[in-house]
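A quick write-up on the structure given underneath.
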Amino acid sequence: MMVANGILGIFEGVVAVAKQHVYVSTPNYAFRFSLYSWGWVHIIVSALVLIVGFGVIAGQAWARAVGILIVAVSLLANFMFLPYYPFWSLIVLAIDVFVLWALCTYHPQPRR
């Protein structure tokens, strides 16, 4: 889920950087940044989610701990992006919550 979320987030960021007219412009939003800035935020955060996702797939213990932090940052960034693209942001928020739950409750089985 982290790898897919990272890839789709990178696409979301590239669209925000290249084709800003795709997203809705909200004039009176408390966390108002240019879509160009939001695009780069999504590209960087999603690239980190993608890289750490590969670490989780490889079974690295550090990746699970870092994944919790990075996915929490992704969750916060997508929450603040809600006014620009609410439907997609809600989907990513749901995926991030599921990934956080999975990373926090995973208990590796002892080897026999």
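Against the definition (modelled with pLDDT under 95, touching a Leu at 6+ places or on another chain (Cβ under 8 Å) and not in a helix (DSSP H, G or I)), how does Tyr29 come out, yes or no?
no
Of everything in the range 60-112 that is among the polar types (S, T, N, Q) and more than 19 Å from Ile7 (Cβ to Cβ), the residue that is modelled with the lowest pLDDT is Gln109.
Of all residues in the range 73-112, those being surrounded by fewer than 15 Cβ atoms within 10 Å (Cβ to Cβ) and either in a helix (DSSP H, G or I) or among the small types (Gly, Ala, Ser) (or both) number 12. Note on the range 14-26: among residues that are at pLDDT below 80 and part of a helix (DSSP H, G or I), the one that is surrounded by the fewest Cβ atoms within 10 Å (Cβ to Cβ) is His21.
The values are calculated or read from the model by the stated rules, or taken from the named source; none is laboratory data. Every value quoted in this text rests on a predicted model; they were computed, and no experiment measured them. Quick reminder, even Gly has a Cβ in these numbers, built from the backbone with ideal geometry, and neighbours come from all protein chains shown.
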